[in-house]
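S.K.: Handing you this structure, nothing more for now.
The values are calculated or read from the model by the stated rules, or taken from the named source; none is laboratory data. Model, not experiment: these values are computed from the prediction. Glycine also receives a Cβ, built like all others from the backbone with ideal geometry; neighbour counts cover every protein chain displayed.
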Amino acid sequence: MEKKSCMILALDVSDREEALKIAEDVSEFVDAVKVGYPLVLATGLGIIRELSEFAPIIADFKVADIPNTNHLICEQVFEAGADAVIVQGFTGRDSLDACIEVASEYGKDVFVVSEMSHPGGAEFLQPVGEAIARMAAQAGAFGLVAPATRPERVKAIRKIIGDKLTIISPGVGAQGGKASDVIAAGADWVIVGRSIYRADSPRKAAREIAAEIEAGPNG
Ligand code: U5P
């Protein structure tokens, strides 16, 4: 995944035509498109290959099962054409290893959720977030998912993992995070959904966030 705008589109719409149109309109301003359950359950797994015409695809299935099931899920995800998969870290090292094993067979990447961006993410996951980040680094994951709603947590996690892993960070805009703050705290990419796909002009919204990232937190 090439780093240009430092932005990933979270395409949580449920209509195929709308998804393809938004992806095409904003492709100039995003480095990847993240698809998850809302879009895939509504339109089918084939949407991954269709969207991959516009950008690399990150499949956000937050895979969280026993190693064998994780293995089977990741095979389907990469067979469908995804470039990366997002998995949960709380299921433990063996479950994560299963995902990384399949990803490396396909030459693809695994991102591990260490802590979630919503208020409830602080309840159970945050206290173990740093341990999950360490495990992900030891296991050889490509990156982490860490909360844009708490840039101080992104900073703490960056300190733990150094430059070993990339950090992608959801929670910008609709959830309250500011893109340039999170990049300054150590994230490589921000993930933006509603602020783009619900805007009157998704293209204009994406361009504005990209410009804000480029200008930096004091810009
Ligand atoms: N996402 C989060 N927080 C996490 C992990 C993943 O928001 O901790 C995902 C959501 O499922 C959604 C996107 O797809 O990132 C954020 O969308 P939005 O709040 O910008 O609309």
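S.K.: Just to be sure before I move on: is VAL128 surrounded by 15 or more Cβ atoms within 10 Å (Cβ to Cβ) and among the hydrophobic types (A, V, I, L, M, F, W, C) in the structure I sent? Lay out the reasoning, then the answer.
M.R.: Numbers: surrounded by 15 or more Cβ atoms within 10 Å (Cβ to Cβ): no; among the hydrophobic types (A, V, I, L, M, F, W, C): yes.
No: the conditions fail for VAL128.
S.K.: Still on this structure, please answer the following. So the check is Cβ under 6 Å with 6+ separation or different chains; which pairs have a first residue in the range 44-55 that's within 17 Å of LYS21 (Cβ to Cβ) and a second one that's acidic (Asp, Glu) and not in a loop (DSSP other than H, G, I, E, B)?
M.R.: PHE54/GLU24
S.K.: Same structure, new question: Exactly one condition in (1) in contact (Cβ under 8 Å) with a residue 24 or more places away in the chain; (2) at negative phi; (3) more than 17 Å from the chain's Cα centre (by Cα) is not met by GLY143; state its number.
M.R.: All conditions pass for GLY143, except number (3).
S.K.: Say whether the condition of being more than 23 Å from ALA187 (Cα to Cα) and under 16 Å from the mean Cα position of the chain (by Cα) is met by at least one residue in the range 53-67.
M.R.: Yes, some residue in the range 53-67 is more than 23 Å from ALA187 (Cα to Cα) and under 16 Å from the mean Cα position of the chain (by Cα).
S.K.: Next question, about the same structure. Could you grab the pairs with beta carbons closer than 7 Å, sequence gap of 6+ or different chains, first residue in the range 169-183 and within 18 Å of VAL113 (Cβ to Cβ) and more than 9 Å from the ligand (Cβ to nearest atom), second one at pLDDT 95 or above and of a type outside the set (A, V, I, L, M)?
M.R.: Within 7 Å, the pairs are VAL182/PRO151; VAL182/SER169.
S.K.: Within the range 98-121, restricting attention to residues that are part of a loop (DSSP other than H, G, I, E, B) and either more than 16 Å from the ligand (Cβ to nearest atom) or among the small types (Gly, Ala, Ser) (or both), which residue is surrounded by the most Cβ atoms within 10 Å (Cβ to Cβ)?
M.R.: Let us first name the residues in the range 98-121 that are part of a loop (DSSP other than H, G, I, E, B), namely 107-108, 114-118.
From what is left, the residues that are either more than 16 Å from the ligand (Cβ to nearest atom) or among the small types (Gly, Ala, Ser) (or both) are 107-108, 114, 117.
Numbers: GLY107: 8, LYS108: 20, SER114: 31, SER117: 23.
Checking each candidate, the answer is SER114.
S.K.: Check the range 145-163 and report whether any residue there is closer than 20 Å to ASN68 by Cα and surrounded by fewer than 23 Cβ atoms within 10 Å (Cβ to Cβ).
M.R.: Within the range 145-163, the first condition is being closer than 20 Å to ASN68 by Cα, and the residues that meet it are none.
Scanning the range 145-163 turns up no residue that is closer than 20 Å to ASN68 by Cα and surrounded by fewer than 23 Cβ atoms within 10 Å (Cβ to Cβ).
S.K.: When the residues of the range 52-97 are filtered to those that are polar (S, T, N, Q), more than 15 Å from the ligand (Cβ to nearest atom) and not in a helix (DSSP H, G or I), which remaining residue is surrounded by the fewest Cβ atoms within 10 Å (Cβ to Cβ)? Let's see the steps before the verdict.
M.R.: First pass over the range 52-97, keeping only residues polar (S, T, N, Q): 52, 68-70, 76, 88, 91, 95.
Cutting the leftovers down to more than 15 Å from the ligand (Cβ to nearest atom) gives us 52, 68-70, 76, 91, 95.
So of that shortlist, the ones also not in a helix (DSSP H, G or I) come out as 52, 91.
Working: SER52: 17, THR91: 19.
Ranking the qualifying residues of the range 52-97, first place goes to SER52.
S.K.: Let me ask something else. Look at ALA174 and say whether it is touching a Ser or Thr at 6+ places or on another chain (Cβ under 9 Å), buried (at least 22 other Cβ atoms within 10 Å of the Cβ) and of a type in the set (Gly, Ala, Ser). Outline the logic, then answer.
M.R.: Numbers: touching a Ser or Thr at 6+ places or on another chain (Cβ under 9 Å): yes; buried (at least 22 other Cβ atoms within 10 Å of the Cβ): no; of a type in the set (Gly, Ala, Ser): yes.
Judged against the criteria, ALA174 is not a match.
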